[in-house]
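Colleague: Pasting a structure below so you can have a look.
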């Protein structure tokens, strides 16, 4: 009788089935973890933008709050200006980071006394679930549905 080397087809199928079951359990947990991390990053970025806006108003009191989110960014920080303040990194100042988009709307006044910042998931349910918003009060509000955040929405503690 011959000596058998290797595994039978049944044994290989059992191993593949076990790996697929483990993957089916792990992948949804991984996606939820990534979504929670994106939301935490969005809240941190919103706080950073609020802080940069207050710093901008201190540096340029005749202008008040910046007209755009990009005004607080900058790549060449040797000579800062009101349109290249270097208060935010270039990625955040571009308006998209960690699965969220950041939209800055100024009040159009000079000096500007108010702004609205809206932080929205790129794909609700995949990159994040909640939408965040803030204004010159520096309070961060959120909307669990992922859209429609206003200053009357729930407030983060």
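Colleague: Please enumerate the residues belonging to the stretch 38-91 that are in a loop (DSSP other than H, G, I, E, B), farther than 21 Å from residue 119 by Cα, in contact with a strand residue (DSSP E or B) (Cβ under 8 Å, 6 or more places away or on another chain) and in contact (Cβ under 8 Å) with a residue 24 or more places away in the chain.
Modeller: 63, the sole residue that qualifies.
Colleague: Can you confirm whether the stretch 10-31 contains a residue that is in contact (Cβ under 8 Å) with a residue 12 or more places away in the chain and farther than 22 Å from residue 151 by Cβ?
Modeller: Of the stretch 10-31, the ones in contact (Cβ under 8 Å) with a residue 12 or more places away in the chain are 31.
Next, only the ones that are farther than 22 Å from residue 151 by Cβ stay: 31.
Yes, the stretch 10-31 contains at least one residue that is in contact (Cβ under 8 Å) with a residue 12 or more places away in the chain and farther than 22 Å from residue 151 by Cβ.
Colleague: Take the stretch 64-79 and flag every residue that is out of contact with any helix residue (DSSP H, G or I) (no Cβ under 8 Å at 6 or more places or on another chain) and surrounded by fewer than 18 Cβ atoms within 10 Å (Cβ to Cβ).
Modeller: Passing the criteria: 68, 76, 77, 78, 79.
Colleague: What are the residues in the stretch 92-116 that are over 12 Å from the mean Cα position of the chain (by Cα) and in a strand (DSSP E or B), if any?
Modeller: 104, 105, 106, 112, 115, 116
Colleague: Still on this structure, please answer the following. Can you tell me which residues in the stretch 81-101 are surrounded by 14 or more Cβ atoms within 10 Å (Cβ to Cβ) and either out of contact with any helix residue (DSSP H, G or I) (no Cβ under 6 Å at 6 or more places or on another chain) or at positive phi (or both)?
Modeller: 82, 84, 86, 89, 94, 95, 98, 99, 101
Colleague: Please verify whether residue 137 is out of contact with any helix residue (DSSP H, G or I) (no Cβ under 7 Å at 6 or more places or on another chain), in contact (Cβ under 8 Å) with a residue 12 or more places away in the chain, assigned to a loop (DSSP other than H, G, I, E, B) and within 15 Å of residue 46 (Cα to Cα), treating the condition exactly as stated.
Modeller: So residue 137 passes the test.
Colleague: I'm checking my understanding of the structure. Among residues of the stretch 107-128 that are within 20 Å of residue 38 (Cα to Cα) and touching a strand residue (DSSP E or B) at 6+ places or on another chain (Cβ under 7 Å), which one is surrounded by the fewest Cβ atoms within 10 Å (Cβ to Cβ)?
Modeller: Among residues in the stretch 107-128 that are within 20 Å of residue 38 (Cα to Cα) and touching a strand residue (DSSP E or B) at 6+ places or on another chain (Cβ under 7 Å), the one surrounded by the fewest Cβ atoms within 10 Å (Cβ to Cβ) is 122.
Every number here is computed from the coordinates shown, using simple stated rules; none is lab data. All of these numbers come straight from a predicted model, not from anything done at the bench. Every residue, glycine as well, gets a Cβ built from its backbone with ideal geometry; the counts of neighbours run over all protein chains shown.
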